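Working notes, beginning with the structure itself.
The values are calculated or read from the model by the stated rules, or taken from the named source; none is laboratory data. As the structure is a computational prediction, the values presented were derived from the model and not from experiment. Here the Cβ is made from the backbone with ideal geometry for all residues, glycine too, and neighbour counts use every protein chain on show. Side chains included, ligands, DNA and RNA excluded: accessible areas come from the protein's heavy atoms. Shrake-Rupley method; radii C 1.70, N 1.55, O 1.52, S 1.80 Å.
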Amino acid sequence: MSEKVKVGLIGAGGIAQGAHLRGYHSIPDECEVVWICDVNQEVAEKAAAKVVEAGGAKPQITTDYKQMLTDSELDAVSVTTPNKYHVEPTVDALNAGKHVLCEKPLGMNADECRRMCAAARENKKILQVALQNRFTGAARFAKQYIDGGNMGDIYYARAWALRRRGVPAWGVFIHKDQQGGGPLIDIGVHILDFTLYLMGYPKPVSASGQTWDILGKTPGLYNPWGDYDRTKFTVEDFAVGLIRFENGAVVSLESSFMANLDGDPFKASFFGTKAGMDLNPWGADPVKIYTEQDGQLFNMVGASVPHVESAHVDEVKAFIKAIREDLPSPVPGENGLYLNAIFDALYKSAETKKEEPIDVSF
Ligand SMILES: NC(=O)c1ccc[n+]([C@@H]2O[C@H](COP(=O)([O-])OP(=O)(O)OC[C@H]3O[C@@H](n4cnc5c(N)ncnc54)[C@H](O)[C@@H]3O)[C@@H](O)[C@H]2O)c1
């Protein structure tokens with residue numbers, strides 16, 4: 001593709017302005033933002049002003065994304081609406097022949113993801129899930145090490161996205177009907193994607209989990225992320241799960257908005273037949289590798305972890321590159337389906353108290 005990719009935003013709030021626009025603006029020779037949609041006209045105007053500030057022409061503005069999708073010149077959209085409003089714009093955009101970069105989690109549940117993945121397949125368009133942690137320096141470093149066979153078979157991993165006190169008091173994070181879930185679906189999705197990406201995305205087959213909502217509902221508990229109405233807290237504050245995969249591997253997942261623990265660990269640990277590894281996706285801690293050689297044990301620290309200025313920007317660049325060079329989706333919709341299907345099973349298991357099967361067909 002020699003012409004610039006013409007892009008639109010559906011939802012122009014926090015992540016659209018803070019991440020997606022920055023990404024598009026970083027490659028002005030390859031793409032341009034030509035449409036901005038937000039149900040809130042003022043927000044759309046603010047985002048449009050940012051496009052102009054960055055040197056672009058003023059994009060067209062609408063409060064109805066369907067109007068944007070009628071533009072035959074438009075190639076691609078970012079779907080950056082709250083979780084509840086991912087599925088319809090994504091399916092409509094794919095059916096209108098546009099490529100889609102959709103924010104995480106892909107859907108509120110696996111059934112929504114199935115519709116999105118099917119629409120991408122039927123229309124032969126890219127559906128990318130905005131899971132930026134796999135674009136970090138630590139992710140690149142670990143992926144090369146693991147894919148080089150240095151860990152042997154990874155048979156177990158721990159994934160932690162834990163906050164001691166971090167209930168987002170703004171937006172819709174505490175409302176299950178609009179978010180689909182609590183920390184599991186909001187931040188657990190990041191660490192689980194990071195973990196499964198490094199493990200080569202094995203197919204999940206079943207999961208067992210438990211959730212709690214006691215701290216999140218308790219009035220007066222310290223929450224530096226703002227005050228919120230405890231009576232309206234309908235998501236979990238803490239979720240744990242054990243996920244089994246077709247290749248025999250197992251992952252344990254812990255995610256919280258509130259829990260009594262030391263700090264806010266956000267990291268993954270891998271247990272392979274040749275080595276183990278601990279790392280944080282953003283490189284907040286060193287990449288540590290534990291191995292054995294000739295009867296001696298070694299602890300190694302990654303010393304050439306690449307510096308990545310912004311994983312958000314790099315995910316957007318990967319999206320545009322895939323469109324221009326006709327490449328597969330850098331973060332396939334199917335990965336988003338796996339994640340939502342795992343969450344569905346964990347939430348169900350928390351109710352049934354049984355291990356639940358996982359279906360990722362679409
Ligand atoms: N990848 C990340 O690290 C990351 C970080 C933050 C948020 N997110 C995700 O981004 C999404 C949006 O979160 P946010 O923090 O930007 O929220 P936000 O509330 O700041 O912005 C969302 C915008 O969407 C608009 N909107 C709602 N429904 C719409 C519709 N039907 N059509 C057009 N516009 C609509 C709202 O008016 C709002 O301006 C969520 O799915 C969230 O999980 C991802």
Residue set LYS46, LYS66; condition without any contact (Cβ under 8 Å) to a residue 60 or more places away in the chain, farther than 23 Å from VAL87 by Cβ, within 10 Å of the ligand (Cβ to nearest atom) and basic (Lys, Arg); output residue LYS46
In this structure, does PHE362 turn out to be in contact with a Leu (Cβ under 9 Å, 6 or more places away or on another chain) and buried (at least 19 other Cβ atoms within 10 Å of the Cβ)?
no
Selection from region 85-96 of residues open to solvent by 30 Å² or more (accessible area, probe 1.4 Å) and more than 8 Å from the ligand (Cβ to nearest atom) yields ASP92, ASN95, ALA96
State whether one or more residues within region 141-162 are part of a loop (DSSP other than H, G, I, E, B), of a type outside the set (Asp, Glu), in contact with a helix residue (DSSP H, G or I) (Cβ under 8 Å, 6 or more places away or on another chain) and within 16 Å of the ligand (Cβ to nearest atom).
no
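Consider region 247-269. How many of its residues are under 17 Å from PHE343 (Cα atoms) and either touching a Lys or Arg at 6+ places or on another chain (Cβ under 6 Å) or open to solvent by 20 Å² or more (accessible area, probe 1.4 Å) (or both)? Even if it seems obvious, please write down each step before you answer.
Step one: filter region 247-269 for residues under 17 Å from PHE343 (Cα atoms), giving 250-257.
Right, trim to either touching a Lys or Arg at 6+ places or on another chain (Cβ under 6 Å) or open to solvent by 20 Å² or more (accessible area, probe 1.4 Å) (or both) and you get 250, 252, 254, 256-257.
Number satisfying all stated conditions: 5.
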Quickly run through region 330-343 and pick out the residues that are in contact with a strand residue (DSSP E or B) (Cβ under 8 Å, 6 or more places away or on another chain) and open to solvent by 30 Å² or more (accessible area, probe 1.4 Å).
PRO330, PRO332, TYR338
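For every residue, the table says whether it meets (1) open to solvent by less than 10 Å² (accessible area, probe 1.4 Å); (2) of a type in the set (A, V, I, L, M, F, W, C); (3) farther than 21 Å from ILE187 by Cα.
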position: LYS274; (1), (2), (3): no, no, yes
position: ASN280; (1), (2), (3): yes, no, no
position: ASP285; (1), (2), (3): no, no, no
position: LYS288; (1), (2), (3): no, no, yes
position: ASN299; (1), (2), (3): no, no, yes
position: HIS312; (1), (2), (3): no, no, no
position: ALA318; (1), (2), (3): no, yes, yes
position: SER349; (1), (2), (3): yes, no, no
position: PRO357; (1), (2), (3): no, no, yes
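If you take the residues of region 16-41 that are out of contact with any helix residue (DSSP H, G or I) (no Cβ under 8 Å at 6 or more places or on another chain) and under 22 Å from HIS86 (Cβ atoms), which of them is farthest from the ligand (Cβ to nearest atom)? Break it down stepwise before answering.
Looking only at region 16-41, we keep the residues that are out of contact with any helix residue (DSSP H, G or I) (no Cβ under 8 Å at 6 or more places or on another chain), and these are 28-29, 34, 39-41.
Add one more test, that the residue is under 22 Å from HIS86 (Cβ atoms), and what stays is 34, 39-41.
Values: VAL34: 16, VAL39: 4, ASN40: 4, GLN41: 10 Å.
Selected residue: VAL34.
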Exactly one condition in (1) out of contact with any Pro (no Cβ under 8 Å at 6 or more places or on another chain); (2) open to solvent by less than 30 Å² (accessible area, probe 1.4 Å); (3) part of a loop (DSSP other than H, G, I, E, B) is not met by PRO224; state its number.
(2)
Looking only at region 208-215, decide whether some residue is modelled with pLDDT of 95 or more and in contact with a Pro (Cβ under 9 Å, 6 or more places away or on another chain).
no
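Going by the structure shown, is LEU74 away from the ligand (no atom under 12 Å from the Cβ), farther than 19 Å from ALA318 by Cβ and open to solvent by less than 20 Å² (accessible area, probe 1.4 Å)?
Working: away from the ligand (no atom under 12 Å from the Cβ): yes; farther than 19 Å from ALA318 by Cβ: yes; open to solvent by less than 20 Å² (accessible area, probe 1.4 Å): yes.
Yes; evaluated as a whole, the condition is true for this residue.
Can you name the strands (runs of 3 or more DSSP E) wholly within region 25-123 that have at least 1 residues being at pLDDT 95 or above and under 23 Å from the mean Cα position of the chain (by Cα)?
So the answer is 31-37, 76-79, 99-103.
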